[in-house]
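The values are calculated or read from the model by the stated rules, or taken from the named source; none is laboratory data. Only a predicted model underlies this, so the values are computations on that prediction, with no experimental measurement involved. Because the Cβ atoms are built from the backbone with ideal geometry, glycine has one as well, and the counts that use them run over all protein chains shown. Heavy atoms of the whole protein, side chains included, go into the accessibility calculation; ligands, DNA and RNA do not. Shrake-Rupley method; radii C 1.70, N 1.55, O 1.52, S 1.80 Å.
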Amino acid sequence: MAASSGVGAAADRGDSECILEPLSLPESPCGVAAVEESPSVPCIFCEEYFPQAEQDQLLKHMIIEHKLVIADVKLVADFRRYILYWKKRFTEQPITDFCSVIRTNSEAPVEEQDNYFLLCDVLPEDRLLREQLQQKRLREILEQQQRERDDTSFHSICMFCDKEFTGNRSVLFNHMARDHAFNVGLPDNIVNCNEFLAALQKKLDNLQCLYCERTFRDKNTLKDHMRKKQHRRINAKNTEYDRFYIINYLEFGKSWEEVQSEDDRELLDNLEEDWSDWEEHPVCAVCLFCEKQADATEKLCFHMKEAHGFDLLKIKAEHGLKFYQQVKLVNFIRREIHQCRCYNCKEMFQSKTELISHMEVTKHITFLPTRSTWDQPQYYFPTYENDTLLCTLSDSEDELTAKDQSEDVPIISEDISDLEALRQSSVLNQLLREENNN
């Protein structure tokens, strides 16, 4: 019995002495090395510590308790490293070796006067420290951005349609811009992408508009609001998003607006420069049927008439083509030639050379197809984005002809003959239907 009682007592002692929570050794707060790994920021002068998120509380403490003022804190790229550096330096030399002394109540009795110490980048050592911290932060951010650019293991879900995306982050951003009209800029300009997406998703989960940040009663109401108000974008004035754009790290302490305004001022200053030596290079238009270029419309029209038998000026006069009708005609011909298809007989060819040879031999190049074939709204849009010929078209000859005509001749708007068809095919009808359904 005694033995068993001893065993029971030992067991009781074992239960009472077991460790139920993690232990840690005491740290020496006076050494800089001891606080390097701490997430909090120490006071430069005493043993007080403050969380990094409470930076303002630490600054307030140092002003009230130690009379220290740090100038332009927002320009310090890494506040914690900055404080640790000066904590060490102030143990090596007197504070007056580094700080300017500001005396308050200088006209009052000596006992009522206070001396405040100003630490700022007028001191070369402080300025060098700030620059080094800024460069270090910029290197870290650029390295992070490059890792995200090269990352092929990205995985996320679209916050608007729940579609899943893997691979590179640009796939998701391009999808949201194309399919949901949600554009946050070029993916390559974004850093800390996962945090950025999480911040946006949190707002939507809280039924909060990403732009005006109003809160709504349910998800459908929020979606309708963002669509109708065109709020599928972030608010550029919200500084919460600044840390996700690389431009805000180029000059720390300056927002993207300040950086851009400086660029604008530089541009305005450059406008005052002397441009007398500027040489304007002529812009050349390209023939409709070959690679020939000319710096004047008249030269190009003469070439097309002599080389290909296509008289654009004659066609323009005979058909009474106004400016936008000429645009449609040019875009129509450009598209047919690009597709190696004769615009009269619709025969297809293997190459552009064979097509032009066929059109010149059969005289199909000279005559236009029926007006309804090319006088279509779709040909308002250029076949080639850099088609200079479109910029040189004019209806000046039509104006001269109009002067010779009777003044009581009614002016008929182009496309009026097919007005009913235009109404039926208008994109406005689709927009009205969507609005009525909502």
query: Would it be correct to say that Arg137 is open to solvent by 90 Å² or more (accessible area, probe 1.4 Å) and part of a helix (DSSP H, G or I)?
result: no
statement: Restricting attention to the range 66-100, the residues that are under 18 Å from Pro51 (Cα atoms) and either of a type in the set (D, E, K, R) or in a loop (DSSP other than H, G, I, E, B) (or both) number exactly 7
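Mind listing whichever residues of the range 210-231 are open to solvent by 40 Å² or more (accessible area, probe 1.4 Å) and in a helix (DSSP H, G or I)?
Applying the first criterion (open to solvent by 40 Å² or more (accessible area, probe 1.4 Å)) to the range 210-231 yields 211-215, 217-220, 223-224, 227-230.
If the condition is that a residue be open to solvent by 40 Å² or more (accessible area, probe 1.4 Å) and in a helix (DSSP H, G or I), then Lys219, Asn220, Lys223, Asp224, Arg227, Lys228 are the ones that fit.
With respect to Ala177, determine if the residue is open to solvent by less than 70 Å² (accessible area, probe 1.4 Å), farther than 30 Å from Val69 by Cβ, without any contact (Cβ under 8 Å) to a residue 24 or more places away in the chain and assigned to a helix (DSSP H, G or I).
yes
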query: Residues in the range 215-246 that are among the basic types (Lys, Arg) and modelled with pLDDT of 90 or more: how many?
result: 1
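Consider Val361 carefully, then state whether it is modelled with pLDDT of 85 or more and more than 24 Å from Val327 (Cα to Cα).
It is true that Val361 is modelled with pLDDT of 85 or more and more than 24 Å from Val327 (Cα to Cα).
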Looking only at the range 68-126, and only at residues there that are of a type in the set (Gly, Ala, Ser) and in contact with a strand residue (DSSP E or B) (Cβ under 7 Å, 6 or more places away or on another chain), the one that is least open to solvent (accessible area, probe 1.4 Å): Ala71
- request: Can you tell me which residue within the range 147-173, out of those that are part of a helix (DSSP H, G or I) and open to solvent by 80 Å² or more (accessible area, probe 1.4 Å), is nearest to Lys228 (Cα to Cα)?
  value: Arg149
Tally, over the range 319-362, of residues that are open to solvent by less than 70 Å² (accessible area, probe 1.4 Å), over 15 Å from Cys287 (Cα atoms) and of a type in the set (Lys, Arg): 2
message: Would you confirm whether or not the range 186-209 contains a residue that is open to solvent by 90 Å² or more (accessible area, probe 1.4 Å) and modelled with pLDDT under 90?
response: yes
- request: List every residue pair whose Cβ atoms sit under 8 Å apart, with the two residues 6 or more apart in sequence or on different chains, where the first one lies in the range 101-124 and is assigned to a loop (DSSP other than H, G, I, E, B) and the second, anywhere, is among the basic types (Lys, Arg) and open to solvent by 80 Å² or more (accessible area, probe 1.4 Å).
  value: Gln113/Arg103; Asp121/Arg127
message: If I ask for residues that are over 29 Å from Asn220 (Cβ atoms) and in contact with a helix residue (DSSP H, G or I) (Cβ under 6 Å, 6 or more places away or on another chain), which ones from the range 146-186 would you list?
response: Glu148, Phe154, Ser170
- prompt: Do we find that Lys314 is closer than 18 Å to Phe367 by Cβ and of a type in the set (Lys, Arg) in this structure?
  reply: yes
